[in-house]
1. Provide the net charge surrounding residue 12, with neighbours chosen by a C-beta distance below 9 Å and charges set as Lys +1, Arg +1, Asp -1, Glu -1.
2. If you take the alpha carbon radius of gyration of the range 1-79 and divide it by 2.2 N^0.38 Å, what ratio comes out, to two decimals?
3. Can you sort 20, 111 by 1.4 Å-probe accessible area, starting with the largest?
4. Give the ranking of 34, 22 by solvent-accessible surface, highest area first, calculated with a 1.4 Å probe.
5. Can you compute 3J(HN,Hα) from phi for each residue in the range 38-53, using the Karplus curve 6.51 cos²θ - 1.76 cosθ + 1.60 with θ = phi - 60°, rounded to whole Hz and x for Gly and Pro?
6. I want the local charge near residue 170. Using Cβ-Cβ distances under 13 Å, sum +1 for each Lys or Arg and -1 for each Asp or Glu among the other residues.
7. Read phi for every residue in the range 154-162 and hand back ³J(HN,Hα) as whole Hz from Karplus 6.51 cos²θ - 1.76 cosθ + 1.60, θ = phi - 60°, with x for Gly and Pro.
8. In percent, what relative contact order does the range 1-145 have, based on Cα pairs under 8 Å that are 6 or more apart in sequence?
Amino acid sequence: MKIVFLCGCLEPGRDGVGDYVRRLAVELQQQGHRIQAVALNDYYVTVEETGTQQTPQGDLLTLRLPATWETGVRFARAKVWIDDFNPEWLSLQFVPYAFHTKGAPFQLGKYLLQVGKNRHWHVMIHELWMGMNTNASMQHVWWAKVQRFVIKRLINQLRPKIIHTHTALYEAHLTKLGFTSQYLPLFSNIPSLTLPAASSSIVGSSFSPSSKDVSLVLFGFIHPGSPVELLAQDAAEFANRYKVLVTLTMIGRCGSEQDRWAKNWTALGLPVKIMGEQSPSIISKVLLDASLGIVTTPALLLGKSGTAAAMREHGLPVLCVSAPWHARGVHDLLGELDAQVYQAGRFESYLAVKPAEIIIKLPDIAKQLSESLLASIYTWRV
């Protein structure tokens, strides 16, 4: 198959969806497909950039269009590029804010129809709208109505043959909008240094407090409101009981909450390492050396967390330490089964748990995507 991925930005290491597209596209190339990628609204370039982006697994031919260009000019240029390649599929990697500063790209569908006339559409929903939790402000709830209208109209305009998303929560919301979607697991954007990329499973060993110290790793953005005070108290009690060090390592762009986490940890005499942005190889080593991965994303949204995916693929048990978060408008959803949700006083039990067997890898996910696209074409033709 020939596929063009459409996203907002393709600046390496600066856009999670762009990094996702690059790794997925290169893997699909290795599986025999012909792939290109177009960044339709790239804030990291001021002139059009065409060429190959390099990865350890292979190169990807890309077109990057500056966000400063007029919308019509960007999409007209994308159409020329796409028509020259003549793909069977256009895969829209959708995040509302990638195409509009306020997350409401009203005209996106109109321009995409001009770009992809008479082509098969696939839509990957990475994010939907704000205000999905019961504690959301009224401002967010009302703006969510606008975003919901925009997304529904976009999908109706494109009439995609298949829609994928990463979470059961998003599947439920899409169902309420009248659309059928399928679950496509998220892979890690951090390749493991030592675990073979084609491996289908990883089973980690549980921690024994008598054998070594404990290393907790928090990778990437820290969401506000997480109960770090309680977690730090639990960690300090555990450290005193077993006479071990419980170190917190924070790596990546953690945001303004990083200082609050560090202060709560050091106030109880616990060591902290703040590493900042690092290369994928260093991040991989930190994950491989850790005892427990900490994420601050709510459990119902972990399916779209690249940091959680990276921890799982490195054999780490994952502990969700988030602010209270309950879904608005949908019920009876299960959270991630291979992550634990933090409760005060149970610190030791989290360390004793073996990570779940990992059965989702980039090659498997790429194959799942390509097979679903092929099956969709076959069903449509029949």
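1. Values: positive: 14, 22; negative: 11, 15, 19.
Combined, the nearby Lys, Arg, Asp and Glu give -1.
2. My calculation over the Cα atoms of the range 1-79 gives 1.04.
3. Details: 20 5, 111 45 Å².
Largest accessible area first, the list is 111, 20.
4. Ranked from most to least accessible, the order is 34, 22.
5. Each residue of the range 38-53 in turn: 10, 9, 8, 8, 8, 7, 9, 10, 10, 10, 4, 10, 10, x, 10, 9 Hz.
6. +1
7. Result, rounded to whole Hz: 4, 5, 4, 5, 6, 6, x, 6, 8.
8. Working: 255 pairs, mean separation 32.3, N = 145.
Relative CO of the range 1-145 lands at 22 percent.
The values are calculated or read from the model by the stated rules, or taken from the named source; none is laboratory data. Everything numeric here is computed off the predicted structure, so don't read it as measured data. Methodologically, a virtual Cβ is constructed for each residue, glycine included, from the backbone with ideal geometry; neighbour enumeration extends over all protein chains shown. Only protein heavy atoms, including side chains, enter the accessible area calculation; ligands, DNA and RNA are left aside. Shrake-Rupley method; radii C 1.70, N 1.55, O 1.52, S 1.80 Å.
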